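Here's the structure, in structure tokens; my notes come after.
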Amino acid sequence: MKILNLRKIPLAISIASLWTLGPSTAIAQADGQGKSLRLEEVIVTARKRVESMQDVPISVTALSEQLNRSTVRNLQDVSNFVPNVSIDRIGSNNGVSISIRGISFQETDKSLDPPAGVILDGVYLGTVAGGVLNNFDMERIEVLRGPQGTLFGKNTTAGALNVIRTAPTREWGAKIRLGAGSWDQREAQAVVNMPLTENGGLKLYGHVNDRDGYIDNNYLDDDIGEVDYQQIGGTVSYNITEKFDLTFTAERIEDDSDLGAYANFNKFTDVACLVSIGGVPDFGIPPDASGAPFGSGCGELDPESDEDHSSVNAPNSAEVTNDFYNLTMNWDIGNWLLTSVTGYVDRDEDFRLEYDASQVEVLTVLAKQDYEQFSQELRADGNITDNINLTAGLYYWDSEYEQFQEAFDLWYYLGIGFGPEGGLWPGAVSQPLDGKGENTSYAAFASVDWQLTDRLMLNIGGRYTYEERKLETAVPGFNLNLPDGSVLPIVPAGPLQNFDDDWTEFSPRVALSYDVTDDLMVFGSFSSGFKSGGFFARTQNVNDINSYDPETVDTYELGMKSEWLENRFRFNAPIFYSEYDDKQEETIVNLGGGNVTTIVNNAADAELSGVELEFVAQITTGLTGFLNYGYLDAEFNDFTVADSEGNEVDNSDLELRNAPENTFGAGLDYYLQLSFGELGVHYNYWWRDEYHTVLNNDPAGLIDSAGFHNASIDLSFGERYKLSVYGRNIGDERYARVVPIGVTTWGNYNPGDQYGVEFTAEF
């Protein structure tokens, strides 16, 4: 049996500190109206009950007021305010790679689980696809760093992002925001509140965002990376009795945006490059729109293949529909609060990905993924005695997915077929791969806070989880796609095979916190986290499919949370050390003949350590500032994988992916009262060190260090109207997440500098 976990306390502490260090509602005059020189108390729900951030023995950063700024658009912008946290978009499904303390994930395949959980209104989202949540109508985002298994469950070994949207006001009111900006961006957001009876209210909301692409495609003479996003939803809140209330939310998101701005980074020796420069006969593909010769898309050959240009022969597009439902009920029974959270998600995806990112369709994939999840949590919170509080509950989870993908064109260029040069025509031969799976989980959890003395608090808790996974798939075959649209199987797919496995895990935590003074708390913790085992549905060699085991982490943390000079200054400083066993890693394997696949194995043990410093100051009644710094040392301690020929390759001592050694954030917020309203000026800077995106630390996947400046100016007219102008990434810092996969190398560029204006009206 593992030792009880102390982890959560320090984690909350560090996060809380981080929150305070970011420009947040933690500042008394964050809304510009306060005149106090004291930092305002920050309220969080990091332990599934309402608490003061400085009292919570967990590292939690809570963003609130920042979410209303023009420079903070979505979940990705959280990185600007939290040390040792970086969030990037990843190519397919408009997903996100969330890295917390060096632990991240880059796969949107539905059979895999991320290590950082995203919880939306109490509902855990089981896929990173579509994880770039827009922040409009959000009340608060809490970033919990470190394992959060006791209260938030499996797949939170890195941490969790707890997203809370605004509740219906139960009064008549509306908020409308209109915006325009770079790349012909047009955006409209609206929230309408209305009372139903004296006991209930209804909130309706909608969001439309349309924007052209931000990368010039010199082959198509067009832009890529466009946004086409619509969201509509409603929330009903009602008090059935004085002690029983319920809230129901239903929403739909339709996202037809491009899957990023892809560019060609192929080397001269890559298949995609050899094809495009004449490694095979020219099949009549014209020069690009810029007049450059055929094959100019290769990074080594085309000096214009940089952040401003792409040579992709078609945009990587998607059609995504996401339905979200949530029913939350609360019963107040004496000293106890009973809560039920029921969640359902239905997500359908159709997308096109061109992995070669070149002028020629060397490797094109069409994919469809259907995903459903249902979850039910029953939770009780209350006092056993005057000095003992208990939070306990039961949890059920079930998800099902069905995936189909078809890879084209590579076979033609490799000469596989029956026509001239051994090939037929582009798209003639394809390889379909499909599968479906199910994930069922049961859990029981409890967390106890025991006030041992007036100043000493013991937290002890644990979660027992049972997990079962199933997969149905087959060895893929090959199809001949005839010009008339009919399909002729060349090699039939193998027979369906079924895989089934299950695991159990106990995730404990123990923590001690001591109030040295009323304004200084020190803490220490030990905690353990758990990420589910499973099967990887996209593995092409079904005969080699084996379940991979769960990964576990033990985390030790020491730190302090403090306020000084009558709460004008806040300083928090946690340090941590984590040991990962059987860490799951996705590895790209070359199968020969230009074919590659991705596998998941447990070949790695890793060690991570670091420190996080967070400082916020109420400088004057109208001026606040913050600083934060994160240091991280994240390396594989023992990591051996097999290459394409089955030889063992020792990758020990390599750095983890998406784990910059240093991160730094700083910012200022200034408010000035005017005769007709208020002037607000906001500025923040975020810098992160270089980091790797490729498992074997291939230099092609090294992203250089970068710093990002964001600023906005708000002019309020009374309490109803506000005009804002903003600039994001003002220094035009550019980078690409480059991915080499054996036959090709491609990258996805971040947006450059963006400028815009917004008008907000509240009634």
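Read-outs: derived from the displayed coordinates by stated rules, not from any lab. Computed from a prediction, not measured in an experiment: that's the story for all the values here. Cβ atoms come from the backbone with ideal geometry, glycine included; neighbour counts cover every protein chain shown.
Brief remarks follow.
- FRET efficiency estimate (nearest 0.05) - Cβ-Cβ, Ser182 to Lys368, R0 30 angstrom: 0.35
- In sequence order, segment 713-722 has phi-based couplings of 10, 10, 10, 9, 10, x, 9, 10, 10, 8 Hz under the Karplus curve 6.51 cos²θ - 1.76 cosθ + 1.60, θ = phi - 60°, and Gly or Pro positions carry x.
- Positive-end residue, segment 454-552 charge dipole about Cα centroid, Cβ charges, pick of Ser525, Asn498, Pro476: Pro476
- Formal net charge of residues neighbouring Leu632 (Cβ-Cβ distance under 13 Å; K, R +1; D, E -1): -4
- Cα centre as origin, Lys/Arg/Asp/Glu Cβ charges: segment 349-405 dipole, Debye: 180
- A simple spin-label model places the labels of Thr440 and Asp500 0.9 nm from each other, with each point 7 Å out along Cα-to-Cβ.
- Here the 3J(HN,Hα) profile of segment 250-266, calculated from phi with Karplus coefficients 6.51, -1.76 and 1.60 at θ = phi - 60°, is 9, 8, 10, 10, 10, 10, 10, 6, 4, 8, x, 10, 7, 9, 8, 10, 5 Hz, Gly and Pro shown as x.
- When you filter the trypsin sites (Lys or Arg not before Pro) in segment 656-763 for DSSP loop state and at most 13 other Cβ atoms inside 10 Å of their Cβ, you are left with Arg720.
- When peptides 555-563, 378-386, 176-184 are ranked by their average number of other Cβ atoms within 10 Å per residue, the highest-first order is 555-563, 176-184, 378-386.
- Reach of Lys203 by Cα under 26 Å, taken over lysines that are not fewer than 8 positions away in the same chain: Lys48, Lys175, Lys243, Lys722
- Sites Glu762 and Asn239, calculated FRET efficiency, Cβ-Cβ separation with R0 35 Å, nearest 0.05: 0.90
- The amide H of Val118, built 1.01 Å from its N in the peptide plane, has Leu125, Leu161 as neighbours under 5 Å, considering only residues 5 or more places off or on other chains.
- Centroid-to-centroid separation of segment 599-643 and segment 253-267 [C-alpha atoms, Å]: 28
- Sequence-distant residues sharing a close amide H with Glu139 (under 5 Å, placed H): Ile164, Arg165, Thr166
- For Leu196, residues with placed amide H under 5 Å, excluding near neighbours: Gly201, Leu202
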